[in-house]
Amino acid sequence: MNRLRNRLILIFLAATLAPLAATVWVTTSLLDISLEYSSTNELDAISKSLEATGKEFYQRARNDLKRRAASGEIDPKTYRRAGRASWPEEVKAFAEGDRPEDFARAGQEGDRLDYLVRRGEEVWLYSASLGDVKMERLAGQIRDARALVNQAEGRDLRRGFKLAYIALAAAFWVASLTLLAYLAHRLSRPIQQLTAGLGQLAAGDLGARVEARRDDEIGRAILAFNHMAEKLQESTERLVYLRQLASWQSLARKMAHEVKNSLTPIRLTVEEMLARYDEADREFMEQATQIVADEIEGLERRIRAFSQFAAEPPVRPAELDVNSLLQERIAFLKTAHPEVAYECRFAEGAPRVMADQDLIKGILTNLLENAAEAAGEGGRILGVTAAGNGRVAIEVHDSGPGLSEQTRASLFQPTISFKKKGMGLGLSIARKSALLSGGDIVVVKGELGGAGFRLLLPVVTNGIQTRSDRG
């Protein structure tokens, strides 16, 4: 269960729900107050007031026009029956009715008031201007305002505003929650993977790694974990190898001592047998004695190798130039293997290393000798130097048949070899020397199609060996 993600979501809920509820309540309350004094209500009040004012103005204009007509202040326009066909429509309509008098709005948009009076078969028309007041336009505006007020009241504007605001706030909140859940998942997933990797590492899985896809603090923490796991794996493997090496050294010391104790009386006895035999059998005895002596010498040579393997030579570290050292070793061994072609690729400005010169020479001699034997006549050997990650690497590649998986599994384990030129201890001694120098030897992919070995050594910084990569 992803507890960090759930906690982030709960924190978001606690931090947003209460403010959101308070904001909605305050906003809707203010909205209620504002809508009470909204423009719709004001428009309703203005339209009603304007309607009453218009009616009062129109009634006063009628009374004044009627008074002026009765007092003779204005002259009427007379329409006689004989000219009925040319009467205006409003006059015809009045004449067809039965009312003795009537008022009508006329002119442009009702800016004139007409007073029609019957006089027998004639119709008298009195007119008066209303000035800038256009009664038709005013009536239309009042009618439109009333229609707008009625429409707004029918739609319940206040409720619509509330619902729209609540829906919008809820949509923003849900979108924020979704985004937070996504971000919380992206944030917590690498932490969860890192926790799982730590659990695997604590359980003994030294190969546990976490894929780093981020370039932030979490990504750097994952890179630090992977680096730590890699260093821990290397250190553990070295420690295991050193423990095995200690056991093999103890066994080698015992074996060398026991075999040496047995070889000495065997050699003396054979020599005594040769001294006491008659001349007739002397040729046979000399041949047999020589065979036994040669085999004893071979066994003694192997015993010396085991003694060297079991010994702990003193380490005298000093600053070394790896380019010069590799070049010197290749030049030294080139005369012994003229049938092999040697190539070099040196790193420019490679930093110096701190190691025992004799031990490093022994390691390079072993690697180059093995490479020459594997390459054979017409083969090639490549020596390479490189630097990076606080280390200097010396690589030896050959064009031989390469190494099988079974050979790789026990490559650095001490074995007994009965080849004339091999003891079976060369790579074991070489790796032990590398570990004593603060480095290591690893197998790499060969650049010439055969085997490849890389000697790693710590660099010198201000004359001091870097401690981060010591074995």
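The values are calculated or read from the model by the stated rules, or taken from the named source; none is laboratory data. Given the structure is predicted, the values throughout are model-derived calculations rather than measurements. Cβ placement follows ideal geometry from the backbone for every residue including glycine, while neighbour counts extend to all protein chains displayed.
Among the residues of the range 123-142, what is the count of those that are more than 19 Å from Gln59 (Cβ to Cβ) and exposed (fewer than 14 other Cβ atoms within 10 Å of the Cβ)?
Selection size over the range 123-142: 1.
Name the residues in the range 320-370 that are within 18 Å of Gly400 (Cα to Cα), buried (at least 20 other Cβ atoms within 10 Å of the Cβ) and within 44 Å of the chain's Cα centre (by Cα), would you?
Leu364, Leu367
Select from the range 190-223 the residues that are at pLDDT 75 or above and among the basic types (Lys, Arg) and list them in ascending order.
Arg209, Arg220
Which residue, of Glu234, Glu230, Glu283, is assigned to a helix (DSSP H, G or I) and modelled with pLDDT under 75?
Glu283
Anything in the range 428-445 that is surrounded by fewer than 21 Cβ atoms within 10 Å (Cβ to Cβ) and more than 34 Å from the chain's Cα centre (by Cα)? List them, or say none.
Leu435, Leu436
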